[in-house]
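Participant: Here you go, one structure.
All of the numbers you see were taken from the coordinates with simple rules; none came from a lab. Here the structure is a predicted model, which means the values were calculated and not measured. Backbone-built Cβ (ideal geometry, glycine too); neighbour counts: all protein chains shown.
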Amino acid sequence: MSEFEKSDQYVFRQGDIRDVHFVASIFEEFNIEAVIHFAAESHVDRSIDGPRDFVETNVLGTLTLLQVFKDSWEKRGKPEGIRFLHVSTDEVFGSLSSEDPAFSETTPYDPRSPYSASKAGSDHLVMAFHHTYGMPVVMTNCSNNYGPYQFPEKLIPLMVLNALEGKPLPIYGDGMNVRDWLYVEDHCRAIQLVLEKGKLGQSYNIGGNAEKPNIEIVDALCGLLDRKVPREDGKSYLDLKTFVQDRPGHDRRYAMDIQKIHSELGWEPSVSFKEGLEMTVDWYLENREWCEAITTGKYRRERLGAAG
């Protein structure tokens, strides 16, 4: 974020989304016209190990933000044009078989992990505030994001960094769990469109039209790394693939029907998966220092020091 820190259009405040006094102080300090609510615990494996953090951040944190937004909005006389956009996930819809149609905005919720259950709870709160209080909300449910700056606990950066370090590439089960992959900049364009033009009280699915089994992702990454940074021993990175026991409740397939956002707002993904994956690998290869700071926890110390 260094390129933004000197801009007079950027302000950083560090705090806890559950802290109503902290959140309220932000609304009191600034004349806020829009809230885009990204804040969430998002890693499924960690939600299985420690679900409480996910409920507290994703459910109670969202409730705090909604309450403060509502109070500020009402205090200002409910001005037109102010919006609250809640960013959610395809995982709230559950798991699909290979024959099932893709998730639509009307697919019933069926969360299968503590993470997806906590996001489902936050989604319901957002829509409840719209129907109960008339709050100007819109919501998005996106598929798996990938691209620059993604934390190394996620599949693509984890595989890239493990491969470069000669570590095993752990693949759950048979590797045939399918996800729809969305390049992060395409996601950002969609969020901006929904914020500006989406219908209040509506949700919009955002996907990349790129359903891939996990094993195909790992194989593609190994192929790119073989070409860009060959191993000294001449072996392929494919030799590092290691199949491990599947995680509990691992959803088999996610897929997103994006007809609504395309027909209403004219959005569709612009970056192909092949193009996006190569750009992502290049970014991680060029930003090893950032990756090192993340994996060692150095970024936390630096951020806390700057905030203090």
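Participant: First obtain the Kirkwood hydrodynamic radius of the stretch 159-292 from its Cα pairs, then insert it into the Stokes-Einstein equation at 20 °C and 1.002 mPa s, and state the resulting D in µm² per second as a whole number.
Facilitator: 127 µm²/s
Participant: For the stretch 63-70, what does the Karplus curve 6.51 cos²θ - 1.76 cosθ + 1.60, with θ = phi - 60°, yield as ³J(HN,Hα) per residue in whole Hz, taken in order and with x for Gly and Pro?
Facilitator: Going residue by residue, I get 4, 4, 5, 4, 5, 5, 4, 4 Hz, with x marking Gly and Pro.
Participant: I want the local charge near D53. Using Cβ-Cβ distances under 9 Å, sum +1 for each Lys or Arg and -1 for each Asp or Glu among the other residues.
Facilitator: 0
Participant: May I pose another question? Round to the nearest 10 and give me the degree value, 0 to 90, for the angle of helix 214-228's Cα axis relative to the longest principal axis of the chain.
Facilitator: 60 degrees
Participant: Charges at C-beta only: +1 for Lys and Arg, -1 for Asp and Glu. How large is the resulting dipole of the stretch 74-143 about its Cα centre, in Debye rounded to 20?
Facilitator: For the stretch 74-143, the charge dipole is close to 520 debye.
Participant: Same structure, new question: Run the quick spin-label model on D71 and S7: label points 7 Å from Cα toward the beta carbon, then report their separation in nm to one decimal.
Facilitator: 3.0 nm
Participant: Amide H of A255 versus every other amide H placed in the peptide plane: which residues, excluding those fewer than 5 positions away on the same chain, fall under 5 Å?
Facilitator: Here F103 satisfy the definition.
Participant: I would also like to ask the following. So which lysines pass the test for K75, namely a Cα distance under 26 Å, with those fewer than 8 places away in the same chain ruled out?
Facilitator: Candidates past the 8-residue exclusion: K197, K199.
Participant: Let me ask something else. In whole Hz, what ³J(HN,Hα) sequence does the stretch 178-186 give by Karplus (6.51, -1.76, 1.60; θ = phi - 60°), x for Gly and Pro?
Facilitator: Each residue of the stretch 178-186 in turn: 9, 10, 9, 9, 10, 5, 4, 5, 5 Hz.
Participant: Taking 41 Å as R0, compute the FRET efficiency from the Cβ-Cβ separation of L195 and S236 and round it to 0.05.
Facilitator: The value I calculate is 0.40.
Participant: Pull out the extension gain between D53 and D174, defined as 0.36 nm times the separation in residues minus the alpha carbon to alpha carbon distance; nm, one decimal.
Facilitator: Result for the pair: 40.6 nm of gain on full extension.
Participant: A follow-up question, please. Among the DSSP beta bridges whose two residues both lie in the chain, what percent are antiparallel, rounded to the nearest 5?
Facilitator: 10 percent
Participant: Using the Karplus equation 6.51 cos²θ - 1.76 cosθ + 1.60 (θ = phi - 60°), what ³J(HN,Hα) coupling, rounded to whole Hz, does each residue of the stretch 272-280 give in order, writing x for Gly and Pro?
Facilitator: So the J values, rounded to whole Hz, are 5, 5, 4, 5, x, 5, 5, 4, 5.
Participant: OK, next. Remind me, relative contact order of the chain in percent, using alpha carbon pairs under 8 angstrom and six or more residues apart?
Facilitator: Worked out over the chain, it gives 19 percent.
Participant: Moving on. State, to one decimal in nm, how far the label point of E33 lies from the label point of S98, with both points 7 Å from Cα in the Cβ direction.
Facilitator: Between E33 and S98, the simple spin-label model gives 5.0 nm.
Participant: Give the lysines reachable from K235 as a straight Cα distance under 26 Å; neighbours fewer than 8 places away on the same chain don't count.
Facilitator: Cα-Cα hits under 26 Å: K154, K167, K212, K274.
Participant: Something else: Counting Lys and Arg as +1 and Asp and Glu as -1, each charge on the Cβ, what is the dipole of the stretch 193-253 about the Cα centre in debye, to the nearest 20?
Facilitator: 240 debye
Participant: With contacts defined as alpha carbon pairs under 8 Å and 6 or more residues apart, what's the relative contact order of the stretch 78-139 in percent?
Facilitator: Computed value for the stretch 78-139: 45 percent relative contact order.
Participant: Ok, one more. From the residues T280, H187, A39, which one has its Cα farthest along the dipole of the chain in the positive direction, the dipole being from +1 and -1 charges on Cβ of Lys/Arg and Asp/Glu about the Cα centre?
Facilitator: A39
Participant: As an exercise, use a Förster radius of 41 Å and the Cβ-Cβ distance of R227 and M127 to find the FRET efficiency, rounded to the nearest 0.05.
Facilitator: Taking R0 as 41 Å, the efficiency between R227 and M127 is 0.30.
Participant: Using the alpha-carbon centroid of each, what span in Å lies between the stretch 131-157 and the stretch 212-250?
Facilitator: Using only Cα atoms to place each centre, the spacing works out to 26 Å.
Participant: If the only charges are +1 at each Lys and Arg Cβ and -1 at each Asp and Glu Cβ, what is the size of the charge dipole of the stretch 215-281 around the Cα centre, to the nearest 20 debye?
Facilitator: Computed about the Cα centre, the dipole is about 140 debye.
Participant: Right, next: Along the Cα→Cβ direction, 7 angstrom out, place labels at S25 and C188. What is the inter-label distance in nm?
Facilitator: Taking the two extended label points, one gets 2.9 nm.
Participant: Collect residues whose amide H, placed 1.01 Å from N in the peptide plane, falls under 5 Å from the amide H of N145; neighbours closer than 5 in sequence don't count.
Facilitator: L182
Participant: Tell me the mean residue ellipticity at 222 nm calculated for the chain from its helices only (DSSP H runs of n ≥ 4, each -39500 (n - 2.57), averaged over every residue, nearest 500).
Facilitator: Value at 222 nm, helices only, nearest 500: -13000 deg cm²/dmol.
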